[in-house]
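First comes the structure, then the notes that go with it.
The values are calculated or read from the model by the stated rules, or taken from the named source; none is laboratory data. This one's a predicted model, so the numbers in the text were calculated from it and none came from an experiment. Reconstructed Cβ throughout: ideal geometry from the backbone, glycine too, with neighbour counts over all protein chains shown.
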Amino acid sequence: MAKKLNILILDPFHTGSHAHWSRSLEQRWGALPNRTITLCTLPGRHWKWRMHSASAEFAQRCRPMTETPDAIICTDMMDVASFKGLLRRDWQHLPVIQYFHENQITFPWSPTDPDVQKGRDRTYGMMNILSAMAADAIWFNSDFHRKHFISAIATFMGPMPDGTRAFTDHPFEAKSQTLPIGIEWKREIDCLRPCNTPPTIVWNHRWEFDKAPAYFYRVLNHLQAHAVPFSLILLGPKFETEPDVLLRLTTQFRRNIIHEGFAPDRSTYAELLHRSDFVIHSPKQEYFGISVLEAMSFGVIPLLGKGNAYDDWCDEQFLVDDFETIRMRFEAIAQHPEPSRQRAREIASQFQWDTVVRSYDNALVKLIKA
């Protein structure tokens with residue numbers, strides 16, 4: 001780590017897990033010896049416009065910079081091919097790495113999105129493919145995501161009329177790597193605590209279509225129908241358009257709710273996670289699972305749907321594929337939660353930022369030396 005490295009991170013959609021990732025890299029990576037991180041961001045709204053416009057905006061911001069970085073890292077929300085074409089000439093030799101939080105080929109679009117209804121939903125998947133081709137390296141937040149994206153490219157290109165070999169023959173696999181997102185780590189957690197009476201289920205995910213709040217609602221209905229008692233802590237952020245199921249859930253289970261609303265700060269969030277016993281989640285897609293890992297780091301016991309990134313790093317005992325299994329494991333684990341709490345925290349420990357950031361540093365050093 002002797003050689004000094006200056007790294008420019010461009011975050012076109014600076015909110016939620018994207019902002020957590022870029023801010024944490026700025027702080028943790030920048031704290032390593034001989035590392036300087038410069039972070040440039042755009043507000044996390046109007047995601048489609050960000051994918052079209054961020055390349056021009058960031059290329060313009062780079063022009064007056066007086067210090068040349070050793071590498072540029074951006075996210076999947078930017079058109080790398082356009083960015084490279086617009087980038088100042090004296091920087092065009094710099095390696096550009098694209099970090100994929102999600103992708104628009106396999107991401108489940110909401111059926112209410114007007115672009116889906118009008119048949120325009122292939123534009124952004126195509127932008128992701130071209131960006132991945134233009135990037136010098138592509139990093140993914142999970143191996144599940146990496147394999148999912150690369151294997152979907154041939155199918156995505158299938159309906160195109162001709163000239164697809166340039167896309168399907170590109171060495172995506174060779175230039176790709178898995179680098180997870182890190183989580184904040186609280187050193188002292190009581191993993192020997194019993195479950196609350198009744199056991200508390202936490203929801204700490206976005207209230208949006210892709211996170212499948214309807215599935216969560218059906219799980220709660222199943223537990224209620226079998227007279228399984230539970231309480232609820234509902235922490236997920238809400239947006240202008242709330243899913244219809246949210247109103248049904250909060251109305252039907254009003255007596256079960258002991259907290260509802262996005263935590264105003266990290267200390268409140270941590271306190272509420274420590275009061276929770278289970279996190280039950282089976283989204284339509286999960287390319288990493290930061291909210292689940294944050295809960296697990298507090299000894300919250302996961303019951304997670306199979307077929308997502310959880311398969312990469314979670315034990316089989318925490319993976320489920322039907323409501324009956326969820327209910328049986330919920331009731332059994334609630335009687336003796338301590339071993340499951342300890343194992344959940346042990347799994348989460350591998351994603352501490354202090355550990356994860358060094359894998360980023362090693363990957364970048366290797367790329368620059370290549």
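Could you identify the single residue in ASP361, ASP315 that is in the same structural domain as VAL292 (by TED's automatic domain parsing), under 30 Å from TYR99 (Cβ atoms) and in contact with a Lys or Arg (Cβ under 9 Å, 6 or more places away or on another chain)? On inspection, the qualifying residue turns out to be ASP315.
Among the residues of the stretch 262-276, write down those that are touching a helix residue (DSSP H, G or I) at 6+ places or on another chain (Cβ under 7 Å) and under 18 Å from ILE333 (Cβ atoms). Once the filter is applied, which keeps residues that are touching a helix residue (DSSP H, G or I) at 6+ places or on another chain (Cβ under 7 Å) and under 18 Å from ILE333 (Cβ atoms), the stretch 262-276 yields LEU273, SER276.
Against the test of being of a type in the set (D, E, K, R), in a helix (DSSP H, G or I), closer than 14 Å to LYS186 by Cβ and modelled with pLDDT of 95 or more, the options GLU324, GLU294 yield a single qualifying residue, GLU294.
Selection of the stretch 298-313 for residues being in a loop (DSSP other than H, G, I, E, B) and surrounded by fewer than 23 Cβ atoms within 10 Å (Cβ to Cβ) yields LYS306, GLY307. Scan the stretch 130-171 for residues that are aliphatic (A, V, I, L, M) and not in a helix (DSSP H, G or I) and the total you get is 4.
Table: residues versus (1) within 23 Å of GLN177 (Cβ to Cβ); (2) in a strand (DSSP E or B); (3) out of contact with any strand residue (DSSP E or B) (no Cβ under 9 Å at 6 or more places or on another chain).
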position: SER17; (1), (2), (3): yes, no, yes
position: LEU25; (1), (2), (3): yes, no, no
position: LEU39; (1), (2), (3): yes, yes, no
position: TRP49; (1), (2), (3): no, no, yes
position: GLU57; (1), (2), (3): no, no, no
position: THR66; (1), (2), (3): no, no, yes
position: PRO69; (1), (2), (3): yes, no, no
position: ILE73; (1), (2), (3): yes, yes, no
position: THR106; (1), (2), (3): yes, no, yes
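Considered as a group, the residues in the stretch 327-365 that are of a type in the set (Lys, Arg) and under 26 Å from TRP185 (Cβ atoms) include one that is surrounded by the fewest Cβ atoms within 10 Å (Cβ to Cβ), and that residue is ARG358.
In the stretch 1-15, which residues are of a type outside the set (Phe, Trp, Tyr), assigned to a strand (DSSP E or B) and in contact with a Lys or Arg (Cβ under 9 Å, 6 or more places away or on another chain)?
LEU5, ASN6, ILE7, LEU10, ASP11, PRO12, HIS14, listed by residue number.
Checking each residue of the stretch 81-100 against the condition of being polar (S, T, N, Q), surrounded by fewer than 17 Cβ atoms within 10 Å (Cβ to Cβ), at pLDDT 95 or above and in contact with a strand residue (DSSP E or B) (Cβ under 9 Å, 6 or more places away or on another chain) gives no match. Being of a type outside the set (Phe, Trp, Tyr), part of a helix (DSSP H, G or I), loosely packed, with under 12 Cβ neighbours inside 10 Å and at pLDDT below 95: is that true of THR112 here? The answer is no for THR112.
Scanning the stretch 236-290 for residues that are among the basic types (Lys, Arg), free of Cβ contacts under 8 Å to residues at least 40 places away in the same chain and outside any helix (DSSP H, G or I) returns a single hit, LYS238.
Among the residues making up the stretch 32-61, those that are free of Cβ contacts under 8 Å to residues at least 40 places away in the same chain and under 22 Å from TYR360 (Cβ atoms) are PRO33, ASN34, THR36, ILE37, THR38, LEU39, CYS40, THR41, LEU42, GLY44.
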